[in-house]
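Down below is the structure, laid out as structure tokens.
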Amino acid sequence: MKGKSYHSICRWTFNPGKGGFVPSNIRPSWTSDRFSTVDFVKLISEKIKPRLPENIVIGIELHYDTEINEKNVKEVVDVMKENNIYLALITPGAHSHFAYGGVASLDPNERRQAEEFGIKTVDIGYEMKKVFLKGKEPTFVLWNGSWGYDIATPFIKKMYENLKESVANLCKYEEKKGGEFYFAIEPKPNEGHPSMLIPTVASAILFWKKLNEDYGIKLGKKGINKEFGHSEMIGLDHIYDTVEEIDNKMLIHMHINSQGYNDGIVLGGPGKFDIDHGARINGMNIVIAKLIKEAGFDRWKGHDMQARPYDNEEKAIERVIRSILSWESCEIVAQKMNTKEILNYLVKRETDKVEDIMKDLVAEGFRIFKSFYE
Ligand SMILES: [Mn+2]
């Protein structure tokens, strides 16, 4: 029997449609005036939790201030408490307000406002203490979406300096409030802006090391929220990214949704916009499940995914369930992986034999998924 497994579901997955190049009203009952964060918690409890194996613990992920704010926090905490749903992640949705660099901005006014926004997010986070799961305290994620730029100047360096100073101050503020949160940077190479500060996992690791060096920030609960799809977007290897996270003790949260293409079934892959398929069953993800298990990772696995642009509400809910069960299947199969046998073949350069072992594991993963899903 598998032990407890911690999965988190994002509020922003439940939207009426992305808009832009695809419909913005394909899921009409999920417009912001009809569907609140309280409704979201109830929906998880009624329609998602009953469909999952009992070992799965559910948390949620929220943006300040569009999804959680001073007005709704009390009501949201109450409904979470009632339904045993925990806070897994909170993040300042700075990208919705600040398009000129946010806390890294060269406009002092934007920078100051973005810094205040981060502080307010910490404050709201602490108002949710009743729904922290003991031992699995939430992650405070800094996604780099607002730290974008589009003009070549030497002052990209100045933006980087600004970023270091602002994040250091935010960390110090949070530490004074209790240091309950884990802090993770979520790197992404682009989108929203052609270039962004901290585009990769390696950049994020280096950033924390510099924050320790330059500002004395302690690294204990600092790390990365690697989104698999973000590594995949630019053709990087999310297995290798995981290895670096583990080696630097920075594996604290994950977004396991996928850019697609790598299971040979759904399209997507490098060089495309951020597609946000649910978690996939493939050899790479089974290997990551193995690595994180061996590293003792036992925290939240987030599904920062989107419904397909043609999905109705019912199908969108189904996607989330499928994503959770897909990852669980990867974890179960990973336990069956015979690493000794694999290493023996690798030593002898017999990667063809390893390939066949991996194929069998993937096939087994699909079988396990089916038995969960039926
Ligand atoms: Mn994404």
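Just so you know, all these numbers are worked out from the coordinates, no wet-lab data involved. It should be emphasised that the depicted structure is a prediction, and the values quoted were computed from it without experimental measurement. In this analysis, Cβ positions are derived from the backbone assuming ideal geometry, glycine residues included, and neighbour counts consider all displayed protein chains.
For the chain, what are the per-bin percents of Cα-Cα distances with bins 10 Å wide, up to the bin holding the maximum?
Pairs per bin, as whole percents: 5, 24, 34, 26, 10, 2, 0.
Could you grab the relative contact order for the stretch 50-201? Cα pairs under 8 Å, six or more apart, rounded to a whole percent.
Details: 222 pairs, mean separation 37.4, N = 152.
Relative contact order, the stretch 50-201: 25 percent.
Apply the Karplus parameterisation 6.51 cos²θ - 1.76 cosθ + 1.60, with θ equal to phi minus 60°, to every residue of the stretch 260-266 and state each ³J(HN,Hα) to the nearest whole Hz, in sequence, with x for glycine and proline.
These are the phi-based 3J(HN,Hα) values: x, 6, 8, 10, x, 10, 9 Hz.
What pairs from 47/129; 120/177; 74/129; 209/290; 136/209 go past 19 Å between their alpha carbons?
On the way: 47/129 25 Å; 120/177 12 Å; 74/129 11 Å; 209/290 27 Å; 136/209 24 Å.
Too far apart for the 19 Å limit: 47/129; 209/290; 136/209.
Using +1 at the C-beta of Lys and Arg and -1 at the C-beta of Asp and Glu, which of 297, 185, 351 has the Cα lying farthest in the positive direction of the dipole of the chain?
297
Work out the P(r) tail for the stretch 25-167: percent of alpha carbon pairs separated by more than 26 Å, whole number. Walk me through the numbers before you get to the answer.
Details: 3660 of 10153 pairs.
It works out to 36 percent of all Cα pairs.
Averaging sequence separations of C-alpha pairs under 8 Å and six or more residues apart, then dividing by the length of the chain, give the relative contact order as a whole percent. Mind dumping the intermediate values first?
Working: 655 pairs, mean separation 57.2, N = 374.
Contact order relative to length: 15 percent.
Evaluate the charge dipole of the chain about its Cα centre and quote only its size in Debye, nearest 20, assuming +1 on the Cβ of each Lys and Arg and -1 on the Cβ of each Asp and Glu.
Details: 52 positive and 55 negative charges, 133 e Å.
In total the dipole reaches around 640 debye.
Nearest 5 is fine: what % of DSSP beta bridges in the chain come out antiparallel, could you say? Please list the in-between numbers first.
Details: 4 of 36 bridges.
In the chain, DSSP labels about 10 percent of beta bridges as antiparallel.
Sorted from fewest to most neighbouring beta carbons within 10 Å, what does the list 310, 215 look like? Could you put the intermediate results ahead of the total?
Values: 310 10, 215 14.
Lowest count first: 310, 215.
List the trypsin sites (Lys or Arg not before Pro) within the stretch 45-83 that fall in a DSSP loop (any state other than H, G, I, E or B) and whose Cβ has at most 10 other Cβ atoms within 10 Å.
Numbers: sites: 47, 51, 71, 74, 81; in loops: 71.
The qualifying sites are 71.
Quick one: Cα centre-to-centre distance for the stretch 89-166 and the stretch 176-224, in angstrom?
First find each Cα centre; the distance between them is then 11 Å.
For the chain, what does the helix formula give at 222 nm: sum of -39500 (n - 2.57) over DSSP H segments with n ≥ 4, over the residue count, nearest 500 deg cm²/dmol?
Details: 11 runs with 157 residues, N = 374.
Taken over the chain, the calculation gives -13500 deg cm²/dmol.
Around residue 147, what is the net charge, scoring Lys/Arg as +1 and Asp/Glu as -1 over all other residues with Cβ under 14 Å from its Cβ? If you can, show how the numbers build up before the last one.
Working: positive: 111, 157, 158, 164, 188; negative: 107, 110, 115, 150, 161, 165, 186, 191.
Summing Lys/Arg as +1 and Asp/Glu as -1 gives -3.
As an exercise, use a Förster radius of 51 Å and the Cβ-Cβ distance of residue 359 and residue 126 to find the FRET efficiency, rounded to the nearest 0.05.
Numbers: r = 48 Å, r/R0 = 0.95.
Calculated value: 0.60.
Work out the charge dipole of the chain with +1 on the Cβ of Lys and Arg and -1 on the Cβ of Asp and Glu about the Cα centre, then indicate which of 169, 121, 253 is farthest towards its positive end.
Of the options given, the answer is 253.
Restricting to DSSP loop positions (anything but H, G, I, E, B) with no more than 12 other Cβ atoms inside 10 Å of their own Cβ, which chymotrypsin sites (Phe, Trp or Tyr not before Pro) remain in the stretch 76-106? Please report the intermediate quantities before stating the final value.
Working: sites: 86, 98, 100; in loops: 98, 100.
Counting only loop positions with at most 12 other Cβ atoms within 10 Å, none of the chymotrypsin sites (Phe, Trp or Tyr not before Pro) in the stretch 76-106 qualifies.
Over all distinct Cα pairs, what is the inverse of the mean 1/r for the stretch 196-259, reported as the Kirkwood hydrodynamic radius in Å? Provide the component values of the computation, followed by the final result.
Details: mean 1/r = 0.0833 Å⁻¹.
Kirkwood radius, the stretch 196-259: 12.0 Å.
Among 316-328, 151-163, how do they line up by average Cβ neighbours within 10 Å per residue, starting with the highest? Mind dumping the intermediate values first?
Working: 316-328: 22.2, 151-163: 13.7.
Top of the packing list down: 316-328, 151-163.
Assuming 0.36 nm per residue, please report the length gained on full extension of the stretch residue 314 to residue 195 beyond their Cα-Cα distance.
Working: separation 119, 0.36 × 119 = 42.84 nm, distance 3.59 nm.
This chain segment gains 39.3 nm when fully extended.
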